[in-house]
1. Given the structure, is B:GLU219 within 14 Å of chain A (Cβ to nearest Cβ) and among the acidic types (Asp, Glu)?
2. Can you say whether A:GLY133 is within 13 Å of chain B (Cβ to nearest Cβ) and in contact with a Ser or Thr (Cβ under 7 Å, 6 or more places away or on another chain), as far as the supplied structure shows?
3. Having 3 or more residues that are more than 9 Å from chain B (Cβ to nearest Cβ) and surrounded by 15 or more Cβ atoms within 10 Å (Cβ to Cβ) is the bar; report the strands (runs of 3 or more DSSP E) wholly within the range A:185-272 that clear it.
4. If you go through the range B:270-303 one residue at a time, how many are hydroxyl-bearing (Ser, Thr, Tyr) and either out of contact with any helix residue (DSSP H, G or I) (no Cβ under 9 Å at 6 or more places or on another chain) or facing chain A (nearest Cβ under 8 Å) (or both)?
5. Those residues that are over 17 Å from the mean Cα position of the chain (by Cα) and either closer than 30 Å to A:LEU186 by Cβ or not hydrophobic (A, V, I, L, M, F, W, C) (or both), I need them from the range A:226-249; list them, please.
6. Taking the range B:186-202 as the region of interest, how many residues are within 14 Å of chain A (Cβ to nearest Cβ), in a loop (DSSP other than H, G, I, E, B) and under 14 Å from B:PRO158 (Cβ atoms)?
7. Working only within the range B:241-269, note down all residues that are touching a residue at least 60 places away in the same chain (Cβ under 8 Å) and within 12 Å of chain A (Cβ to nearest Cβ).
8. Scan (1) free of Cβ contacts under 8 Å to residues at least 24 places away in the same chain; (2) over 30 Å from B:PRO282 (Cα atoms) for the single condition A:SER83 breaks and write down its number.
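The values are calculated or read from the model by the stated rules, or taken from the named source; none is laboratory data. All of these numbers come straight from a predicted model, not from anything done at the bench. So basically every Cβ, Gly included, is an ideal-geometry build from the backbone, and we count neighbours across all protein chains shown.
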Amino acid sequence: MLKMTSYFKVALFGGMVLVLSLNCDAADGAPLDSVDLKSIFIGVSAGFEYSKFRDFATSPLFYSGTPLYASLAYLESDARRESGFSLAYSVGNYSNTYNGQHSLSGVDEYALHYSELFILDGKSHSHLNVKVGGSLHGRAVYRNNEGLFNNSQGLDVMFNLSGSVKTTWIFNPRHRLSFLLNVVFLNTSYRNGFAYTSSSAPLNTDEFFADYEFKLFSGSYYSSAFEYTLSLNNANALQFSYMWNAYRINAHFENFEKASHTFTFSLLYNLK
Amino acid sequence: MKTYFIGILSISILCVSCENILFEEEQASKDPFVNLNYLWNQCDQKYPYFELKEVDWDSVRWQYEAQLFFGMSEDSLFNVMAAMLNELRDDHVNLVSSFATSFYGVEYSAQDNFDWRLIVDHYITPHYVLSGPFAHNFLANGEIGYVRLSSFQGTIDPSHLDYVLIRYRHTKGLILDLRENGGGAIANVFQILSRFVEKETTVYASRIKAGPGRNDYSEIQYAHVVPHDGIRYDREVVVLTDRGTYSSGSLFALAVKSIPNMTSVGDTTGGGLGLPNGGQLPNGWTYRFSITQTLSLTGDPSFENGVPSDSTVQFNWNATDRDEIIDAALLILD
């Protein structure tokens with residue numbers, strides 16, 4: 001019953017934010033085709049996160065930390081279409097201090113994103129560009145917590161397909177602000193089995209993934225991003241971003257939850 | 001445009017607050033009832049030896065929950081929960097707080113059968129050789145090799161094993177002393193055993209808890225020792241065990257029963273054949289307990305309670321210059 005209630009809340013939330021995104025009214029403006037030419041960028045980003053996670057397979061407690069973040073992206077965009085591929089990596093220590101106990105967990109997180117967005121004509125004009133589409137997100141979280149004995153190491157992998165909405169306000173040719181929202185509609189995960197540790201050690205087989213399970217429709221994923229982009233005279237650009245994501249892996253015996261707030265600074269090199 | 005900003009702002013606020021919708025409620029708690037029941041449930045679903053150890057886990061819960069009360073000290077709660085875990089009679093079961101670590105102490109359930117100083121003074125002399133974790137020397141006028149391994153911790157360097165086996169290659173037999181060896185890395189067990197087999201040998205079986213029910217296990221899988229492609233020892237090996245031989249030490253003793261040129265002498269080992277996991281309680285303490293069953297080749301899990309030696313010999317503490325267990329091994333190898 002508890003799980004059903006959570007699913008309902010999550011589905012309700014997802015539906016609500018998508019409807020809100022699409023129903024915001026666009027103001028009148030100039031024809032869109034005059035606004036933008038096609039650009040191809042390589043983006044290099046660095047920043048930091050504030051994030052927290054909880055892996056019920058090993059602990060009911062939240063661990064939080066401020067890991068470092070870096071990413072590399074390839075972006076193609078014009079007024080009518082936008083696609084992007086990025087690889088991101090974050091690393092840092094997460095901790096929990098409660099009841100006089102201090103626990104530390106090192107976390108490495110690898111992520112890849114691919115998105116294809118297309119213009120929503122009825123909502124866009126020269127100062128406002130609204131695109132919708134889909135995105136693929138892959139994520140692997142490796143953690144190491146020596147205090148958990150033989151469960152000290154854990155790896156969780158998830159892939160999901162999301163519906164995406166991106167709104168860009170074009171203040172002038174040099175300044176623009178974007179808001180991106182992704183809401184999952186298909187989530188898959190690869191996670192430890194019931195006992196978390198596998199029996200590979202007593203069998204001397206050294207198989208880390210021996211008891212891992214692949215599950216379809218196994219969680220939720222939401223992410224959003226604010227991006228302020230400043231175009232430079234040399235056609236390159238600087239970008240300041242705030243990204244938020246939260247996800248939950250379930251359908252396994254015990255769930256995994258993680259949320260991150262990421263602040264980045266990016267250099268966008270124009271290849272055209 | 002203004003409406004858009006308001007919409008986006010609303011979505012942003014919703015997004016951040018979404019974490020609370022997406023996530024389950026906060027579960028950190030110092031409540032003694034919450035913590036005892038959390039630990040009891042983890043064991044209830046994952047511990048594999050209730051039946052073998054004839055532990056009525058349901059009645060254990062009532063017995064120890066009755067000792068809890070709101071406002072009890074951390075120390076008192078720790079003692080109650082540690083006592084609950086010790087009902088499992090398993091040294092792979094521990095409760096760890098910032099101020100104490102619980103243990104069962106199976107080695108103290110039998111007499112002591114090991115005295116290193118006696119061995120040095122009357123058998124291997126103070127001029128014994130250290131090769132990594134191995135302490136070793138000749139016995140019986142150079143006809144027998146004695147090798148002491150006090151722990152399976154860390155990673156054994158193959159060059160140390162090479163040196164030991166080359167040094168004793170002309171002996172009639174080898175004594176491998178695993179008394180009071182409390183365990184460590186299981187990979188070391190297989191690395192050593194691989195020097196004593198001439199063909200692939202199946203030594204025991206294992207299965208892991210795969211669901212919350214008492215009989216929810218994975219398929220049984222078998223562990224094999226594969227001969228080392230290098231220096232091996234093909235003569236008789238006598239393994240010395242006692243109640244302090246635990247965990248990986250017990251796995252070694254169980255494997256010895258399947259290897260033709262190996263035999264064991266001494267006391268029954270302490271057991272501890274299950275692989276322990278690890279976890280954390282709502283109050284931040286950590287714990288571990290076994291989540292696998294090790295079975296004999298006939299499917300018997302009872303070696304968890306200790307692996308009996310092939311020849312049972314006890315130390316005689318009245319004879320201060322003799323190690324009766326080494327003497328028995330020398331007789332076997334003579």
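1. Working: within 14 Å of chain A (Cβ to nearest Cβ): yes; among the acidic types (Asp, Glu): yes.
In short, yes.
2. Values: within 13 Å of chain B (Cβ to nearest Cβ): no; in contact with a Ser or Thr (Cβ under 7 Å, 6 or more places away or on another chain): yes.
When the stated conditions are applied, A:GLY133 does not pass them.
3. Working: elements: A:213-216, A:219-231, A:237-249, A:256-270.
Those strands (runs of 3 or more DSSP E) span A:219-231, A:237-249, A:256-270.
4. We begin by selecting, within the range B:270-303, every residue hydroxyl-bearing (Ser, Thr, Tyr); these are B:286-287, B:290, B:292, B:294, B:296, B:298, B:302.
Subsequent filtering for residues that are either out of contact with any helix residue (DSSP H, G or I) (no Cβ under 9 Å at 6 or more places or on another chain) or facing chain A (nearest Cβ under 8 Å) (or both) retains B:286, B:292, B:294, B:298.
Of the residues in that region, 4 qualify.
5. Taking the range A:226-249 as the starting set, the residues that turn out to be over 17 Å from the mean Cα position of the chain (by Cα) are A:228-239.
Selection gives A:TYR228, A:THR229, A:SER231, A:ASN233, A:ASN234, A:ASN236, A:GLN239.
6. 1
7. The answer is B:SER247, B:SER248, B:SER250, B:LEU251, B:PHE252, B:ALA255.
8. Of the numbered conditions (1) free of Cβ contacts under 8 Å to residues at least 24 places away in the same chain; (2) over 30 Å from B:PRO282 (Cα atoms), the odd one out for A:SER83 is (1).
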